[in-house]
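Undergrad: Input: one structure, supplied below.
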């Protein structure tokens, strides 16, 4: 018998055989092992179009007018001095034209800059939002908000909320995985469970030869690990029975169980050796490569098709990202790193029939100013920016919302961060006003007391 595939019931029964546990205690624990799993998949409260989410975050503030928001008048106004709000004001800055040409993509003809030639080909599958709005110009606060809905206080991340609301579809893998070579602004808070039970926290995966540290069994001696884990679980559960409800301990027990189960499936998930050369090429990967954004995107596909509910891909770190104050030309290398991999991900999901029920989201924390900041760069700009969704339940080929002629403010159909979150939850079949958790004497939710589903984005 493979010791890694031993059930918890089998472990506990084996402990009886070795006289490590009293039969009465084992009987109680066996009864508990049949109780409802807190991460068991739960039906969506309302009709859902998406079963899972791939959330791509480009850290640092991607310039909307250099990527997805074509502003011909900004090209013409290059070098002119105007207020940063688009009109005359006390805060004058020299306007800076976009550094790349825009061309139509797909049959829909959505204009996308030469920074994203591969993604431009996928615009018929993409619902582009050009009227996003945040409330803070600082990286930490804006990054916190796009992940948690809170600008100033630690709160559960969107992935944790989705895990809490829907559970997992594969007991051998976490419900929430974060593919992050480095930490972005706001650090681990982007995947933190905060006051939700610990098993809803995202599991960080670091590209490389050992994506998850210590995943292999500590010993190859048959049965030893089973006995160790079973004994620890037994004493933990006895402590729960003796001292009453301890939410943190119960969560830790469930986390250990998930880690144990991951040894049966996670290693295979991160092994790309069986992927075809054509698939690897689609993501811009070379055979044997274990790093790079293409690796993150292909692993995201493999995780989602194996039942992981929420996968986040982090692009950039707190020190190396899209925050180009000095020279906007730096955007080119960041775009090149993600353009083909994301395009490949969308096409691969579509070929496999996964895009029909997988929601792919791309966003950044805020946009950049039309005026120059530094020598040849742009400043932080929360008044407007661009994001997009693709796949399950959204209108591919749609461009929604607009900014003014210089890309300084939202002109129509504003989509606030709270609206963005409400719409993602809605596509998963969750009412954002009803997904709540009682903490500190009040009910909390991802969208706080705000947010509206943007119905116009839905197919």
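The values are calculated or read from the model by the stated rules, or taken from the named source; none is laboratory data. Bear in mind that the values here come from a model prediction, so they are computed numbers and not experimental data. As a convention, Cβ positions derive from the backbone with ideal geometry for all residues, glycine included, and neighbour counts pool all protein chains shown.
Undergrad: Within segment 158-199, count every residue that is free of Cβ contacts under 8 Å to residues at least 60 places away in the same chain and in a helix (DSSP H, G or I).
TA: Counting residues in segment 158-199 that are free of Cβ contacts under 8 Å to residues at least 60 places away in the same chain and in a helix (DSSP H, G or I) gives 4.
Undergrad: Also: Looking at 62, 84, which is the one that is at pLDDT below 95, closer than 29 Å to residue 317 by Cβ and within 33 Å of the chain's Cα centre (by Cα)? Before the answer, list the steps.
TA: Numbers: 62 fails: at pLDDT below 95.
Of 62, 84, the one residue that is at pLDDT below 95, closer than 29 Å to residue 317 by Cβ and within 33 Å of the chain's Cα centre (by Cα) is 84.
Undergrad: While we're here: Any idea how many residues of segment 141-157 are free of Cβ contacts under 8 Å to residues at least 24 places away in the same chain and touching a helix residue (DSSP H, G or I) at 6+ places or on another chain (Cβ under 6 Å)?
TA: Selection size over segment 141-157: 1.
Undergrad: Would you point out which residue out of 354, 345 is surrounded by 24 or more Cβ atoms within 10 Å (Cβ to Cβ), in contact with a helix residue (DSSP H, G or I) (Cβ under 7 Å, 6 or more places away or on another chain) and closer than 14 Å to residue 54 by Cα?
TA: 345
Undergrad: Turning to a different aspect of this structure: If I filter segment 382-394 down to residues being farther than 9 Å from residue 128 by Cα and touching a helix residue (DSSP H, G or I) at 6+ places or on another chain (Cβ under 8 Å), which single residue comes out as surrounded by the most Cβ atoms within 10 Å (Cβ to Cβ)? Step through it out loud before you land on a result.
TA: Of all residues in segment 382-394, those farther than 9 Å from residue 128 by Cα come to 382-385, 391-394.
Within this subset, residues satisfying the condition of being touching a helix residue (DSSP H, G or I) at 6+ places or on another chain (Cβ under 8 Å) are 382, 384-385, 391-394.
Details: 382: 21, 384: 26, 385: 31, 391: 27, 392: 22, 393: 21, 394: 26.
So the residue we want is 385.
Undergrad: Step by step: first the residues of segment 273-303, then only those that are under 19 Å from the mean Cα position of the chain (by Cα) and part of a loop (DSSP other than H, G, I, E, B), then the one that is farthest from residue 336 (Cα to Cα). Which residue is that? Don't jump to the end; show me each part of the working.
TA: Our first condition is that a residue be under 19 Å from the mean Cα position of the chain (by Cα); within segment 273-303, this holds for 283, 291-303.
Those still in the list that are part of a loop (DSSP other than H, G, I, E, B) too: 283, 291-292.
Working: 283: 12, 291: 15, 292: 11 Å.
For segment 273-303, the residue satisfying everything is 291.
Undergrad: So, in segment 358-374, of the ones that are touching a helix residue (DSSP H, G or I) at 6+ places or on another chain (Cβ under 9 Å) and not in a strand (DSSP E or B), which residue ends up nearest to residue 137 (Cα to Cα)?
TA: Per the criteria, the residue is 366.
Undergrad: Given the residues 355, 346, 313, which is the only one that is in contact with a strand residue (DSSP E or B) (Cβ under 7 Å, 6 or more places away or on another chain), in contact (Cβ under 8 Å) with a residue 12 or more places away in the chain and assigned to a loop (DSSP other than H, G, I, E, B)?
TA: On the way: 346 fails: assigned to a loop (DSSP other than H, G, I, E, B); 313 fails: assigned to a loop (DSSP other than H, G, I, E, B).
Among 355, 346, 313, only 355 is in contact with a strand residue (DSSP E or B) (Cβ under 7 Å, 6 or more places away or on another chain), in contact (Cβ under 8 Å) with a residue 12 or more places away in the chain and assigned to a loop (DSSP other than H, G, I, E, B).
Undergrad: Looking at the structure I just gave you, is residue 111 more than 16 Å from residue 381 (Cβ to Cβ) and surrounded by fewer than 23 Cβ atoms within 10 Å (Cβ to Cβ)?
TA: It is true that residue 111 is more than 16 Å from residue 381 (Cβ to Cβ) and surrounded by fewer than 23 Cβ atoms within 10 Å (Cβ to Cβ).
Undergrad: Which residue out of 432, 426, 450 is modelled with pLDDT of 95 or more, in contact with a strand residue (DSSP E or B) (Cβ under 9 Å, 6 or more places away or on another chain), surrounded by 14 or more Cβ atoms within 10 Å (Cβ to Cβ) and in a loop (DSSP other than H, G, I, E, B)?
TA: On the way: 432 fails: in contact with a strand residue (DSSP E or B) (Cβ under 9 Å, 6 or more places away or on another chain); 426 fails: in a loop (DSSP other than H, G, I, E, B).
Exactly one residue qualifies, and that residue is 450.
Undergrad: Could you tell me which numbered condition residue 308 fails, if it satisfies all but one of (1) surrounded by fewer than 17 Cβ atoms within 10 Å (Cβ to Cβ); (2) farther than 19 Å from residue 386 by Cβ?
TA: The one condition residue 308 does not meet is (1).
Undergrad: Could you tell me which numbered condition residue 174 fails, if it satisfies all but one of (1) modelled with pLDDT of 95 or more; (2) over 28 Å from residue 324 (Cβ atoms)?
TA: Unmet condition: (1).
Undergrad: Kindly establish whether residue 138 is surrounded by fewer than 20 Cβ atoms within 10 Å (Cβ to Cβ), touching a helix residue (DSSP H, G or I) at 6+ places or on another chain (Cβ under 7 Å) and touching a residue at least 60 places away in the same chain (Cβ under 8 Å).
TA: Working: surrounded by fewer than 20 Cβ atoms within 10 Å (Cβ to Cβ): yes; touching a helix residue (DSSP H, G or I) at 6+ places or on another chain (Cβ under 7 Å): no; touching a residue at least 60 places away in the same chain (Cβ under 8 Å): yes.
So residue 138 fails the test.
Undergrad: Looking at residue 104, is it touching a strand residue (DSSP E or B) at 6+ places or on another chain (Cβ under 9 Å), surrounded by fewer than 24 Cβ atoms within 10 Å (Cβ to Cβ) and without any contact (Cβ under 8 Å) to a residue 24 or more places away in the chain?
TA: For residue 104, the condition - touching a strand residue (DSSP E or B) at 6+ places or on another chain (Cβ under 9 Å), surrounded by fewer than 24 Cβ atoms within 10 Å (Cβ to Cβ) and without any contact (Cβ under 8 Å) to a residue 24 or more places away in the chain - is met.
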